[in-house]
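Report on one structure; see the data block that follows.
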Amino acid sequence: MHFFDLATTPSMPWKNGGGSTQELACWPPGADMNSFEWRVSLATVDRPGPFSVFPGIDRQIMLLSGDGLHLRSPGWEHRLEPRWQPFAFSGDDAVDGAMLGGTSKDFNLMQRRGQWQGPLRVVADAQSPGGAPAGLCLVLQGDWQWGAQGAEPRALTAGQGFWWGGDGAPVPGRLEPVQAAGATDAPALVWIALQPGVAAKN
């Protein structure tokens, strides 16, 4: 289990240099932009321009904060405007992003086609990795607690999370929302549970 906090996660330039990103997880460790199997990151977009092209990658994107983007590609377009609403598209597509206002922050899940698969979801109830050999969570809102037998419970708040995976071993434990005294915001969590695709099983 690998825990992270957005407050201490460094930023790096986009693949095409048109923005900045915070990488939350990348598998296998040390893989570059051309060799990763799956990757999760947060992008800060403060100007219009093209997205990086990732051939052979299935992408899912979601607005976290800000005014959003109008995405255009040959054959489709999409307003990434309501927050916490995932949108899937192919990394092979040439995509241009027009600003709908000020700076936006986006959540990105990328999976190499045929090797990994799994949806990007926003949930409000307790979650467990179960049989998923890889995955990631990020607290969006509220207080949460991770607990596993034989280990001290760990509190997580907005901007904190963890990822797991790599060796295929089951990950015991459960992440639950905690109703803090005086809390007014409903709990919300990004939850990604990944399964091997056809190519990864062979």
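Derivation of every value follows stated rules applied to the coordinates shown; laboratory data play no part. Worth saying up front: this structure is predicted, and the values here are computed from it rather than measured. Glycine gets a Cβ as well: all are built from the backbone with ideal geometry, and neighbour counts include every protein chain shown.
Just checking the listed ones, ALA158, ALA132, ALA169: in the Gaussian network model of the chain with Cα springs under 10 Å, the one fluctuating most is ALA169.
Could you tell me whether the stretch 1-148 comes out rounded, prolate or oblate from its Cα gyration tensor? Rule is a ≥ b ≥ c as square roots of the eigenvalues, rounded for a/c under 1.5, then prolate if a/b exceeds b/c, otherwise oblate.
Working: a/c = 1.59, a/b = 1.30, b/c = 1.22.
Since a/c reaches 1.5 and a/b is larger than b/c, the shape of the stretch 1-148 is classed as prolate.
Once a ≥ b ≥ c are taken as the square roots of the eigenvalues of the Cα gyration tensor of the stretch 71-185, is the result rounded (a/c under 1.5), prolate (a/b larger than b/c) or oblate (a/b not larger than b/c)? Oblate.
Each helix, a run of at least 4 DSSP H residues, gives -39500 (n - 2.57); summed and divided by the residues of the chain, these come to -500 deg cm²/dmol at 222 nm. Just want the answer: with Cβ charges of +1 for Lys and Arg and -1 for Asp and Glu, which residue in MET33, LEU69, THR184 is farthest toward the dipole's positive end in the chain? Checked the options; the winner is MET33. Near the amide H of GLU37, within less than 5 Å, lie the amide hydrogens of TRP27, all on another chain or at least 5 residues away, with H placed in the peptide plane.
Is there a quick way to get the dipole size of the stretch 57-166? I mean about its Cα centre, with the Cβ of Lys and Arg at +1 and of Asp and Glu at -1; what is the value in debye to the nearest 20?
Numbers: 9 positive and 11 negative charges, 30 e Å.
In debye, rounded to 20, the stretch 57-166 gives about 140.
About its Cα centre, the chain has a charge dipole of approximately 280 debye under the convention of +1 per Lys or Arg Cβ and -1 per Asp or Glu Cβ, with nothing else charged.
Our coupling estimate for the stretch 61-74, obtained by passing each phi through the Karplus curve with A = 6.51, B = -1.76, C = 1.60 and θ = phi - 60°, is 10, 8, 6, 9, 7, x, 8, x, 9, 9, 8, 10, 8, x Hz, Gly and Pro reported as x.
Computed about the Cα centre, the dipole magnitude for the stretch 101-189 is approximately 340 debye when only Lys and Arg (+1) and Asp and Glu (-1) carry charge, each at its Cβ.
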